[in-house]
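The values are calculated or read from the model by the stated rules, or taken from the named source; none is laboratory data. All values derive from a computational prediction rather than experimental measurement. Please note: Cβ atoms are built from the backbone with ideal geometry, for glycine as well, and neighbour counts cover all protein chains shown. Remember, those area values only see protein heavy atoms, side chains included, never the ligands or the DNA or RNA. Shrake-Rupley method; radii C 1.70, N 1.55, O 1.52, S 1.80 Å.
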Amino acid sequence: MRIRPAGRDRPAATRPGPVATGCLDVVLGLLLIALEGVSSAVFFYAYAGSDPRPPNPDMAEAGPPGMDWSGTLVLATVTVVACVIGVVLLRHGLPIAGVVQLIGVCLLLALTLTAWHDAYEDAHPEPGDARAYAASYT
């Protein structure tokens, strides 16, 4: 007696069609983006949301504080993980979920670059801008 594989002996009506698998692909992509948004918000708040230490009065003449890399590094890590998930989804034959994931990666990359730019400008104020210099110590 010959044993047939389980997937080939089913009639065509019981196999999922392209509409069902396409909808699941879209839902999976959107669900992953939502989960990454929530997890990145939690990580960003946990690592970058804490209040910085007040400046030491003895160090007032030393200049502006150094650059805070915590927000940039957290967002960069989440961006890399999302990119890896997107590539894995594409490699496993889920093109819509992979493309949605990579679109989310582009948005996360823009947020990462914005966080880096803001931290850079806070750490390196313009030489003649006394308000920015004074605001960096309050």
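Within region 38-48, the set of residues being open to solvent by less than 80 Å² (accessible area, probe 1.4 Å) and without any contact (Cβ under 8 Å) to a residue 12 or more places away in the chain comprises 41, 46.
Okay, residues lined up against (1) open to solvent by 90 Å² or more (accessible area, probe 1.4 Å); (2) at pLDDT 90 or above; (3) of a type in the set (Phe, Trp, Tyr):
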| position | (1), (2), (3) |
| --- | --- |
| 83 | no, yes, no |
| 93 | no, no, no |
| 98 | no, no, no |
| 107 | yes, yes, no |
| 113 | yes, yes, no |
| 128 | no, no, no |
